[in-house]
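The values are calculated or read from the model by the stated rules, or taken from the named source; none is laboratory data. Source: prediction; values computed, not measured. As a convention, Cβ positions derive from the backbone with ideal geometry for all residues, glycine included, and neighbour counts pool all protein chains shown. SASA here: full protein model, heavy atoms, side chains in, ligands and nucleic acids out. Shrake-Rupley method; radii C 1.70, N 1.55, O 1.52, S 1.80 Å.
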Amino acid sequence: LAALDSFRFVIKGGLAGAAVYVVYDQGLLGNGTQGAEALRKAQAALPPAIQEWTSYMGWEVRTLPPTPKLDFSPSDSWNKGVQTVMSALSVAPTRACEYTVEGWKYVKDLVK
């Protein structure tokens with residue numbers, strides 16, 4: 001029983017390692033430009049791969065719907081997220097002071 005658990009652990013570890021390698025090899029752990037290129041590759045390779053897989057399985061698929069066209073740039077989204085976070089952090093001290101003043105006013109009004 002312990003040997004079977006060890007075997008399962010090794011198999012799962014190997015699959016996880018292989019998944020990490022594929023992600024690294026395809027450039028998904030790189031910068032935004034590499035991620036965008038990997039997304040373009042996946043969009044180009046997906047329909048032929050599905051067609052081949054369905055024909056191998058013996059399923060008849062007359063036409064596949066086109067892959068959705070994503071107007072998405074990972075690097076632009078990343079930059080927008082960084083800008084939003086930095087903007088929030090830059091105004092945080094001012095907002096904290098404003099909220100503290102409002103809180104004290106509220107408490108004073110409750111005590112009256």
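Over all directions, the average projected area of the alpha-carbon convex hull for the stretch 1-47 comes to how many nm²?
Result: 4.2 nm².
Going by accessible area, probe 1.4 Å, with all protein chains left in place, what is the ranking of Trp53, Trp104, largest first?
These residues rank, largest area first, as Trp104, Trp53.
Quick check: the distance between the Cα centres of the stretch 3-48 and the stretch 81-103, to the nearest angstrom?
After rounding, the separation between the Cα centres reads 39 Å.
Once R0 is set to 30 Å, what does the formula 1/(1 + (r/R0)^6) return for the Cβ-Cβ distance between Val22 and Lys80, expressed as a FRET efficiency to the nearest 0.05?
0.60
What distance in nm separates the simple spin-label points at Leu15 and Ser90, each placed 7 Å from Cα in the Cβ direction?
The two pseudo-label positions are separated by 4.7 nm.
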